[in-house]
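Working notes, beginning with the structure itself.
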There are 2 protein chains.
Amino acid sequence: MTQQISIFDTTLRDGTQGEGISLSADDKIKIAQKLDTLGVHYIEGGNPGSNSKDIEFFKRVKSLQLRAKITAFGSTRRKNSIAEHDASLLRIVESGVPAATLVGKSWDFHVHTALQTTLEENLSMIADSFAFLKRNGMEAIYDAEHFFDGYKHNPEYAIAALRSAQDAGADWIVLCDTNGGTLPGEIQEIVTRVRQELTAPIGIHTHNDCELAVANTLAAVSAGARQVQGTINGYGERCGNANLCSIIPNLQIKMNYQCIETEQLVQLTNVARYVSEIANVHMPVNQAYVGNAAFAHKGGIHVSAILKDSKTYEHIAPELVGNKQRILVSELAGQSNIISKAQELGLDIHSNNEKTKQIIDKIKELEHQGYQFEGADASLELLLREAFGEYKEIFKLESFKMLVEKSNGKMVSEAIVKINVDGETVYTAAEGNGPVNALDNALRKALVQFYPRIMDVHLSDYKVRVFDEIDATAAKVRVLIESTDFNNTWSTVGVSSNIIEASWQALVDSIRYALLNSAKQENSGNDQRERLGLINH
Amino acid sequence: MTQQISIFDTTLRDGTQGEGISLSADDKIKIAQKLDTLGVHYIEGGNPGSNSKDIEFFKRVKSLQLRAKITAFGSTRRKNSIAEHDASLLRIVESGVPAATLVGKSWDFHVHTALQTTLEENLSMIADSFAFLKRNGMEAIYDAEHFFDGYKHNPEYAIAALRSAQDAGADWIVLCDTNGGTLPGEIQEIVTRVRQELTAPIGIHTHNDCELAVANTLAAVSAGARQVQGTINGYGERCGNANLCSIIPNLQIKMNYQCIETEQLVQLTNVARYVSEIANVHMPVNQAYVGNAAFAHKGGIHVSAILKDSKTYEHIAPELVGNKQRILVSELAGQSNIISKAQELGLDIHSNNEKTKQIIDKIKELEHQGYQFEGADASLELLLREAFGEYKEIFKLESFKMLVEKSNGKMVSEAIVKINVDGETVYTAAEGNGPVNALDNALRKALVQFYPRIMDVHLSDYKVRVFDEIDATAAKVRVLIESTDFNNTWSTVGVSSNIIEASWQALVDSIRYALLNSAKQENSGNDQRERLGLINH
């Protein structure tokens, strides 16, 4: 029989302890809604006792009527006081959530060093606080901070701390590897031992300081833990919390536990990327399951095998987690990668081997200059279509001029663009919030009379990478631009020692691609199709 | 007795299969030298049979006389041929390395699908190839591709493949989890079984598709594997290879195996960061052991405890791996983080609580606008010193103007800067490779007569982050600049909706900090010290 595992998401609380992560109440609301589509069982929203942003979140989230249980976080009562007078516990009750997690000490060293109180008082702090939550009708979860370290130093006391919570009515006892220093074998052994001592259901909360948080969580579940605490993308203090984006598919696809519904699992990649956007943290391309490179194939031999049978180099079907296979084009690849990309575009590549070689040589030369097509599919497509005569130039740049001025504390950015469209010279000027915006505005102003759809296109991301880092402002820069017309998203690249020139290249590619795409999609745009040279589509 | 584990680094071979990673022969030489200081036992340089860059590497690396064994990579001979005529095997021998790794099939499905040959022919391919290497006097390592998947489908055949290599003289049998889909428990069980069947020493090679590569490697070592293959920072195809930067400290500090010398382990952080620089891949701040946030503390409660005893929230002493503790300043932190930072700078912060509150409020307000001080220590230091009256402004900007022009395919960037130094107006103009370089040149030209040391400062990295991603070129951008004067490295931040303005802010902070620092360090610069207002230092 498939065992159910309860998923407790703490992205909004422990996740925000990560370096560079800061979420507004608004961000938290958006993420909570997204988490609910994934089907996590608990969403820990924050600490109503410590900041007003979290109080606002708890107020607003109520009206959303999410399926997940919203939980508040706090600590056991202060030493030498009573729970009924503890401001932080009172705030939790006032926040109106159905469930709360209280962190408490279980390592004697911490009781002495951090709390600076007696072992007995700590046990009373735990017991009083849980009794208080239960009297207030709440589901109550005990986060036993530093439990594994505590157990290794003083197992009797560590277990006694858990018992205090259990006996006071705690619904879950969650064992925390707060410092992230424990190994999977130890976790398995200690969880097994705890299960013999307690009757309450056990949860696990690990950190990634040894790059073992996922393995430690799986080990605890194997030993009988039934609640898993973690964050989306493993955000969290220092090296992060256990990454739910890896844990959920591991438990569900590989270990036959039930966490969320199969249709919800398909949302995983989308949820992971959405949260990284809101948190404004770039997702490493190589992140397990949900990363952009998680099912990307670069080596020439691998690619030929993958094209024969994707099981050869893929451990699961990427669609199970909503991700997809990608064939990367790079100098390491044999011809097979480029051929497969061209075939995907419907280009007749087999018939002309000399041309294929020329294209590969050109791509290698551009990569040598610093272009990177792995992250710029649209620029690559333009390059391939041009090589096959399937695309003709929309316009020719004659010149651009860009002026940025700061005077009396005021910034002005202006661009002047001179282009030639079908023999007609167009000369425009525009202002912008910055130089790239000014250029973008001037270029679109010049093109809009020929291609009205250009106004639907917006830049959605702009990345700059300096790649000869010895002397940065004089070095080469690569600009990657991501654009969207609300239906599609595409990426383009530009390289130059001048950031404005590199941005210009990526901008132009983005617009060329947008027009190509809209011409392909709309049958009505015959005039535009002809202009773009889309002869056989 | 402490068991020795052999560390086999494949950053230069399997690592380069990672998306966005491309190393020149020169890069490979630099990384090999660095790896040698870490004391890895094998450095796999590449595949001499597949590309000329790797042949150049093998030629050049010989003269370096590294302590590590340099190894070449290739495949077992082609089907229906003989090893002596196999171009790829011949290249390996010609490369003159003392050791080689050959990858071969052990999963019957792959023999049929990818190789398209018989099971018997595959065994002969393995046996012939290893006999060939041994006849040529080389140490020979068998990489059993897809071994765990193969074993799960057809254990007899998978073991027979290993035996072919062993019986032909292979010195190591390395079990590969090529697709990265195996779990630690399975790894442990299968490695245990293999050890019962074979006499040759066993190695392990895992991939991170389930975020379990490190755990899988540790499980294999626990079951008796004595060679560990991996890459620095876990670079590699898809989700990457097993990360040696986590495996080595886990094995050595936590599990009592001997990998490298204690003094070499202290190089770990430096090696990891150096390789990420050369590979031009940004290291995630939260990377275990070696990341910039691996021992960074943000939560207010954690910080107060850490200041009492660092063991409270650190699983090891960061110095063991050459990393260090950092206290982050952010809205989540209580006053304790900022106080601790100010104390680090020798500022008298305890005596004036109202001032402390003002500073914290100012930092919160700036963070709200998008500044991030976690990655810009120098800007934070300037802010704190200013608040304590320990720093006075070097110059005042009156205006700058920046012109970028493209005409006839030629780019020109010019900047004009007007500043005021001690009442004197200085007006300069300069060209540059790009706008930021032009601004940097013009500003330094204006300042050099007052501060000659300004010419030692170089920008070493330049990062741009767009953070309202809805409409990128019109959104706010954060620029982080890293600068160096060859003795020190520091980071500064600027935020604006205009990339030029944001760059300017970070540039100015960088120069202010450089002058402050050089004034602190040099007693001779009394005139400069006075100008900077360093009254009590």
**OP:** Just give me the residues in the stretch B:430-449 being free of Cβ contacts under 8 Å to residues at least 40 places away in the same chain and under 20 Å from residue B:479 (Cβ atoms), in sequence order.
**Re:** B:430, B:432, B:433, B:434, B:437, B:438, B:441
Original post:
Counting only residues that are touching a helix residue (DSSP H, G or I) at 6+ places or on another chain (Cβ under 7 Å), more than 10 Å from chain B (Cβ to nearest Cβ) and closer than 17 Å to residue A:39 by Cβ, how many does the stretch A:267-289 have?
Top reply: 7
Subject >> Among the candidates A:192, A:117, residue that is among the hydroxyl-bearing types (Ser, Thr, Tyr) and outside any loop (DSSP other than H, G, I, E, B) >> reply: A:192
Subject >> Of the criteria (1) more than 10 Å from chain B (Cβ to nearest Cβ); (2) within 12 Å of residue A:7 (Cβ to Cβ); (3) of a type outside the set (D, E, K, R), which one residue A:247 fails >> reply: (1)
Original post:
Pairs under 8 Å by beta carbon, first residue closer than 11 Å to residue B:328 by Cβ in the stretch B:280-299, partner surrounded by 19 or more Cβ atoms within 10 Å (Cβ to Cβ) and of a type in the set (Ser, Thr, Tyr), six or more apart or different chains?
Top reply: B:297/B:313; B:298/B:330
Original post:
Pick from the stretch A:305-319 the residues that are part of a helix (DSSP H, G or I) and not charged (D, E, K, R): which of them is nearest to residue A:252 (Cα to Cα)?
Top reply: A:318
**OP:** State yes or no: is residue B:342 at pLDDT 75 or above and facing chain A (nearest Cβ under 7 Å)?
**Re:** no
Original post:
For the stretch A:183-228, which residues satisfy the criterion of being of a type in the set (S, T, N, Q) and more than 11 Å from residue A:147 (Cβ to Cβ)?
Top reply: A:188, A:192, A:196, A:199, A:208, A:216, A:217, A:222, A:227
**OP:** Answer with yes or no whether residue A:224 is in contact with a strand residue (DSSP E or B) (Cβ under 7 Å, 6 or more places away or on another chain), surrounded by fewer than 24 Cβ atoms within 10 Å (Cβ to Cβ) and more than 8 Å from chain B (Cβ to nearest Cβ).
**Re:** yes
**OP:** Under 9 Å between Cβ atoms, at least 6 apart or on separate chains: pull out the pairs that start in the stretch B:388-404 with a residue that is at positive phi and end on any residue that is part of a loop (DSSP other than H, G, I, E, B) and not hydroxyl-bearing (Ser, Thr, Tyr).
**Re:** B:389/B:533; B:389/B:535
Original post:
In the stretch B:387-440, how many are crowded, with 17+ Cβ neighbours inside 10 Å, polar (S, T, N, Q) and either at the interface with another protein chain (Cβ under 9 Å from one of its Cβ atoms) or under 36 Å from the mean Cα position of the chain (by Cα) (or both)?
Top reply: 3
Original post:
Do we find a residue being touching a Lys or Arg at 6+ places or on another chain (Cβ under 7 Å), within 11 Å of chain A (Cβ to nearest Cβ) and either at pLDDT 85 or above or in a loop (DSSP other than H, G, I, E, B) (or both) anywhere in the stretch B:320-328?
Top reply: yes
Original post:
For the stretch A:128-142, does any single residue satisfy the condition of being under 27 Å from the mean Cα position of the chain (by Cα) and in the same structural domain as residue A:163 (by TED's automatic domain parsing)?
Top reply: no
Subject >> Options B:155, B:184; residue that is crowded, with 21+ Cβ neighbours inside 10 Å, closer than 27 Å to residue A:306 by Cα and either among the acidic types (Asp, Glu) or without any contact (Cβ under 8 Å) to a residue 60 or more places away in the chain (or both) >> reply: B:184
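Please state which one of B:174, B:111 is assigned by TED's automatic domain parsing to the domain that holds residue B:73 and in contact (Cβ under 8 Å) with a residue 60 or more places away in the chain.
Going through B:174, B:111 in turn, just one is assigned by TED's automatic domain parsing to the domain that holds residue B:73 and in contact (Cβ under 8 Å) with a residue 60 or more places away in the chain: B:174.
Residue check: is residue A:145 within 19 Å of residue A:75 (Cβ to Cβ), at pLDDT below 95 and either of a type in the set (Gly, Ala, Ser) or surrounded by 24 or more Cβ atoms within 10 Å (Cβ to Cβ) (or both)?
Criteria not met by residue A:145.
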**OP:** Evaluate the stretch B:234-248: report whether one residue or more is basic (Lys, Arg), within 28 Å of residue A:289 (Cβ to Cβ) and buried (at least 24 other Cβ atoms within 10 Å of the Cβ).
**Re:** yes
**OP:** Just name the residue that is nearest to the chain's Cα centre (by Cα) out of those in the stretch A:290-310 that are within 7 Å of chain B (Cβ to nearest Cβ) and at pLDDT 90 or above.
**Re:** A:291
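The values are calculated or read from the model by the stated rules, or taken from the named source; none is laboratory data. Owing to the predicted nature of the structure, the values given are computational and were not obtained by experimental measurement. Here Cβ is always computed from backbone atoms with ideal geometry, including for glycine, and neighbour counts include all displayed protein chains.
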